[in-house]
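Engineer: Questions regarding the structure given below will be posed in turn.
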Amino acid sequence: MSIQSAPIEKKVTVRTIRERKGKEPVTMITAYDALFAGLFDGEVEMILVGDSLNMSFCAEPDTLSATLDQMIYHTKAVCKGARLPLIVFDMPFGTYATPEQALESATRVFRETCAEAVKIEGGREKAPIVRKLSENGIAVVAHIGLMPQSVRAEGGYRVQGRSEEEAKSLMEDALALQEAGAFALLLEGMKAEVATRITETVKIPTIGIGAGNGTDGQVLVWSDMFGFFEAFKPKFVKRYLNGAELIRRGLRQYRKEVRSRAFPDEEHSY
Ligand code: KIV
């Protein structure tokens, strides 16, 4: 078996991820329940319980209405399904407005779930929050670039780092968040060359989504990459399966067999 497809056999920790800086890229995926987390166990280094579940699984227009209770519920389920990946909890909008509130929210997450790190969105203005959490034993992934929780303030989703000024600002964010104690950076929706430049400059690993292939790892939303979420497909999403079509094909066959009484046959009856 090639190194690239080798399964992951040991528990992945924050230290494991730190040590991957500049080495073989880290694979990360979202998960929201025990069933799929179990399927992803041993296949990826990191699982993000992302607030994207609010859109892909709850049909909300954006991530802003996700709550701490809702995210804790899903994270508990993911914890039951996956043993090996590092589990990252996505702090929902409005739960980390100040360092004190962030510590209170993240402490609850750590007490009630098996999450080993939290992710927060924001640039250098969030450095005091990252510092507060890191100093209290809570590992932080800092998410910069396109930040879905800012969609209403920004008036939409816009690729970042198109001008030299924006690229410079993103670099300043990355350095400030690293300095504040973030153990990894998530770089979303930015020009690939900007993400590569940030990756080459910072000492902590970068995980990209819509940020080109120069980062230390990649993350995708599982229902996007496996073709279950069909409402829209951003350019950066590669579909590795046509999940929705597989389900529909299975359902059509089931309906046909129910209607014709071919199911259940003897094999599936008592
Ligand atoms: O919530 C989420 O799934 C995310 C990814 C888009 C990185 O934040």
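Engineer: Limited to the range 142-190, what total is found for residues that are closer than 18 Å to Y96 by Cβ and of a type in the set (A, V, I, L, M, F, W, C)?
Structural biologist: Residues flagged as closer than 18 Å to Y96 by Cβ and of a type in the set (A, V, I, L, M, F, W, C) within the range 142-190 amount to 13.
Engineer: Ok, one more. With the requirement that a residue be closer than 30 Å to N213 by Cβ and not hydrophobic (A, V, I, L, M, F, W, C), what does the range 231-263 give you?
Structural biologist: K233, P234, K235, K238, R239, Y240, N242, G243, E245
Engineer: What residue, of V88, V44, is touching a residue at least 12 places away in the same chain (Cβ under 8 Å), in contact with a Lys or Arg (Cβ under 8 Å, 6 or more places away or on another chain), open to solvent by less than 60 Å² (accessible area, probe 1.4 Å) and not basic (K, R)?
Structural biologist: Only one candidate qualifies: V88.
Engineer: Exactly one of these conditions fails for Y240: (1) open to solvent by less than 20 Å² (accessible area, probe 1.4 Å); (2) among the aromatic types (F, W, Y); (3) more than 17 Å from P148 (Cβ to Cβ). Give me its number.
Structural biologist: (1)
Engineer: Now, a different point. Among K21, K11, which is in contact with a Pro (Cβ under 7 Å, 6 or more places away or on another chain) and outside any helix (DSSP H, G or I)?
Structural biologist: K21
Engineer: For a quick check of your reading of the model, give me the residue pairs whose first member lies in the range 91-113 and is not assigned by TED's automatic domain parsing to the domain that holds S52, whose second is not charged (D, E, K, R), with beta-carbon atoms closer than 9 Å and at least 6 apart or on different chains.
Structural biologist: Here the result reads none, with nothing in the range 91-113 linked to a residue that is not charged (D, E, K, R).
Engineer: So, one more: When you go through (1) open to solvent by 30 Å² or more (accessible area, probe 1.4 Å); (2) touching a strand residue (DSSP E or B) at 6+ places or on another chain (Cβ under 9 Å) one by one for R197, which number turns out not to apply?
Structural biologist: It is condition (2) that R197 fails.
Engineer: Name the residues in the range 47-62 that are more than 9 Å from the ligand (Cβ to nearest atom) and either over 13 Å from the mean Cα position of the chain (by Cα) or of a type in the set (S, T, N, Q) (or both), would you?
Structural biologist: Within the range 47-62, F57, C58, A59, E60, P61, D62 qualify.
Engineer: Right, something else. Would you mind stating whether G227 is more than 16 Å from the ligand (Cβ to nearest atom), modelled with pLDDT of 95 or more, outside any helix (DSSP H, G or I) and buried (at least 17 other Cβ atoms within 10 Å of the Cβ)?
Structural biologist: So G227 passes the test.
Engineer: So, one more: Hey, could you check the range 261-270 for residues that are in a helix (DSSP H, G or I) and either of a type in the set (D, E, K, R) or touching a helix residue (DSSP H, G or I) at 6+ places or on another chain (Cβ under 9 Å) (or both) and say which is farthest from E230 (Cα to Cα)?
Structural biologist: So the first thing to find is which residues in the range 261-270 are in a helix (DSSP H, G or I), and the list is 266-268.
Those left that are additionally either of a type in the set (D, E, K, R) or touching a helix residue (DSSP H, G or I) at 6+ places or on another chain (Cβ under 9 Å) (or both): 266-267.
Working: E266: 37, E267: 35 Å.
Per the stated criteria, the residue is E266.
Engineer: Scanning the range 24-46 for residues that are out of contact with any Gly (no Cβ under 9 Å at 6 or more places or on another chain) and of a type in the set (A, V, I, L, M, F, W, C), which turns out nearest to the ligand (Cβ to nearest atom)?
Structural biologist: This residue is I29.
Engineer: State whether the residues of the range 244-260 include one that is more than 19 Å from D33 (Cβ to Cβ), outside any helix (DSSP H, G or I) and open to solvent by 100 Å² or more (accessible area, probe 1.4 Å). It would help to see each step written out before you state the result.
Structural biologist: Initial filter on the range 244-260 (more than 19 Å from D33 (Cβ to Cβ)): 245, 248-260.
If we keep only those that are outside any helix (DSSP H, G or I) as well, we get 260.
If we keep only those that are open to solvent by 100 Å² or more (accessible area, probe 1.4 Å) too, we end up with none.
Checked the range 244-260: no residue is more than 19 Å from D33 (Cβ to Cβ), outside any helix (DSSP H, G or I) and open to solvent by 100 Å² or more (accessible area, probe 1.4 Å).
Rundown of residues vs (1) under 21 Å from L68 (Cα atoms); (2) buried (at least 20 other Cβ atoms within 10 Å of the Cβ), yes/no style:
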{"position": "T107", "(1), (2)": "yes, no"}
{"position": "K132", "(1), (2)": "yes, yes"}
{"position": "N136", "(1), (2)": "yes, no"}
{"position": "Q149", "(1), (2)": "yes, yes"}
{"position": "Y157", "(1), (2)": "no, no"}
{"position": "Q160", "(1), (2)": "no, yes"}
{"position": "K168", "(1), (2)": "no, no"}
{"position": "L175", "(1), (2)": "no, no"}
{"position": "Q178", "(1), (2)": "no, yes"}
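The values are calculated or read from the model by the stated rules, or taken from the named source; none is laboratory data. Computed from a prediction, not measured in an experiment: that's the story for all the values here. A quick note on method: Cβ atoms are made from the backbone with ideal geometry, for glycine too, and the neighbour counts reach across all protein chains shown. Remember, those area values only see protein heavy atoms, side chains included, never the ligands or the DNA or RNA. Shrake-Rupley method; radii C 1.70, N 1.55, O 1.52, S 1.80 Å.
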